[in-house]
Amino acid sequence: MSVPATLVFAQPAAAVAPPVAAPSASLPDFSDLVDKVGPAVVNIRTTERAKMESQSGLPPGMDDPEMQEFFRRFFGVPVPRQQQPDTPRGRRQGPQQPEEETPRGVGSGFVISADGFILTNAHVVEGADEVYVTLTDKREYKAKIIGSDKRSDVALVKIEGSNLPRLSFGDSNKVRVGEWVIAIGSPFGLENTVTAGIISAKARDTGDYLPLIQTDVAVNPGNSGGPLINMRGEVIGINSQIYSRSGGYMGISFAVPIDEAMRVSEQLKTTGRVTRGRIGVQIGEVTKDVAESLGLPKANGALVQRVESGGPADKGGIEAGDIIVKFNGAPIEKSSDLPRLVGSTKPGARSTVTVWRKGAARDLNLTIAEMEPDNKVAKREEKKAKPEQAVNTLGLVVNDLTDAQKKELKVDGGAVVETAEGAAARAGLRPGDLILRLNNTDVKDGKQFNALVSKLEPKKTVLLLVRRGEASQFVTVKPTGQ
C-alpha cells in the first residue's frame, strides 16, 4: 500500500503538545559495557550419542565429509543412514557397536553465580546427551543439566568452577519502551557476538505463562539463551524467540523477563522441576458485545468456558459463563493474566476469585491444585432428545434435557438446539448446542426458553450462554438488519 509523502493533521493550537528536547546526536558507545559483562556470557554446544556403523551405512554420494557437514549445519541432524538388510537364519545381529558423539546444536547462556550456575533456554539443551560450556577465555567445561521448564523456556545448568565472572540482575518490571539494550550470544555459532537495539514493547502475549519483552535487537539461531542487558550492565531478560518467516532475524525478537526466569531457576535449583497452580477452567476473551450485554464496565476479565468436574473451580462454585475479574485482589485485564497469576500461586494455597455473574460481582474461595502435565479431561457426547417443532423468533428449535442427560452433564437445566436457522445460524449456533442462559436469566427447559424469546424486543441483540461439548461461551444473536 502506498503512503502519501506528507500527512497533515489540523488541530487547535491549544492541543499542540509542548516541544520535546531533541535527543543527543551521538549514539551510545557500548564498548565499556561489553568489556564489563562479556566475560560472563558463555557458548553452549550440545551433542547426542549415536551408534557407529561397521560400514558407512550412508546413501550413495553421502559419505562425502562436506555433504555430512551440510546436513548437520542446515538440517540440525546427521546424514540419515540406510537400514541394513536382515541377515538370514533368524536375523542375527552383529556385535554391539560403540557410540560416538555427534553435534546437535549451539546456543548461548550466562553465568549467574561464581560457583558455576548458568541460565539458558530449555530448547537449547532439550534432548541433549552432553552439554559443553565454553567461556570467553576458551576454557571448556562439561555441564550438568539441573533442570528445565518448557513452559517458560528456561533451563539451569551447572559447571564445576569457582570465582567465575557473573552477571547482576535488573528489574524487568521497570524496563521502559525505547531504552537501549544489547544482546550477547553465538548467532550461527559465531561466539561473543554483540548486537544492540531498543525495547519495542513489554508484556507481549506469546505464551501462557510469560509476558515477553519485545525488542528490535538482532537475534538469530544460536543467540537463544543469551542475556538481554540494559545500559547499567544488568540482565533484564533471556533472548528466547524471534518472529520470522525465513528462519532468520526480521526485526522482532522476544526475551523472557529475568524476574520470571529467576523464579523458575530457584525452583529448578531446589527441586529440579517447576510446580504451578491450577484451578481447572478453560477460558476465553471477553468481547465488547459480551461485556455490554452483561453490564460489565469494560471488556476485561476471563470468560469461563468450561469447568473441570471435581476441580478446584468446580468445588469453589465457579460456573461456566462466569467472568473472572480478579484473582486474589489482582485485576484480570485480559484472559492471559489469569493463568499467569494462578500458575505462580503455590499449590494448596487458599485463594479468592472474584467473578461477574448475572450483573453482579461475587467472591468465591477455592484451594489451588498443582498443574499436571498433559492433564486430559474425558469428553462426552451429548444425546439428542425428541425435538419440539416450534421455531422461535431467533430461528431455533429446542428441546428439553432428560434427567439422565442432566446428571451426565452436571447441569440443572437448559435447552438443546435441534435446528438453527436465520439469526441463530448466522451467529454460529448449531444442532447439539446446549443453551444455559438467555441474557441474565438461567434457562430451565425448552418451554421456558421459548417463552423468554417471545418477550424479547424484536431489534435488540440477545446474549446466549451456549455449551458445546465441554466448553461454554457467550454468543450474541443479532436480528436481521443490525
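Observations
- Selection from the range 254-281 of residues that are in a strand (DSSP E or B) and either among the hydrophobic types (A, V, I, L, M, F, W, C) or modelled with pLDDT under 90 (or both): PHE254, ALA255, VAL256, VAL281
- Of the numbered criteria (1) open to solvent by 30 Å² or more (accessible area, probe 1.4 Å); (2) over 21 Å from the mean Cα position of the chain (by Cα); (3) within 27 Å of ASP442 (Cα to Cα); (4) at pLDDT 90 or above, the one GLY348 fails is (3).
- The set of residues from the range 181-233 being of a type in the set (S, T, N, Q), touching an Asp or Glu at 6+ places or on another chain (Cβ under 7 Å) and either under 30 Å from GLY277 (Cβ atoms) or surrounded by fewer than 17 Cβ atoms within 10 Å (Cβ to Cβ) (or both) is empty.
- Residues (farther than 18 Å from ARG362 by Cα and either buried (at least 18 other Cβ atoms within 10 Å of the Cβ) or of a type in the set (Phe, Trp, Tyr) (or both)) located in the range 309-334: GLY311
- Considering the range 432-455, and only residues there that are in a loop (DSSP other than H, G, I, E, B) and touching a strand residue (DSSP E or B) at 6+ places or on another chain (Cβ under 6 Å), the residue that is farthest from SER293 (Cα to Cα) turns out to be ASP445.
- Top-ranked residue in the range 268-305 [being more than 21 Å from the chain's Cα centre (by Cα) and β-branched (Val, Ile, Thr); ranked as nearest to ASP337 (Cα to Cα)]: VAL290
- Selection within the range 133-165 - part of a strand (DSSP E or B) and in contact with a Gly (Cβ under 6 Å, 6 or more places away or on another chain): GLY147, LEU156, LYS158
- The set of residues in the range 106-125 that are open to solvent by 30 Å² or more (accessible area, probe 1.4 Å) and either modelled with pLDDT under 90 or at positive phi (or both) contains only VAL106.
The values are calculated or read from the model by the stated rules, or taken from the named source; none is laboratory data. Source: prediction; values computed, not measured. We place every Cβ from the backbone using ideal geometry, glycine too, and count neighbours over all the protein chains shown. Just the protein is used for accessible areas: all its heavy atoms, side chains included, with ligands, DNA and RNA removed. Shrake-Rupley method; radii C 1.70, N 1.55, O 1.52, S 1.80 Å.
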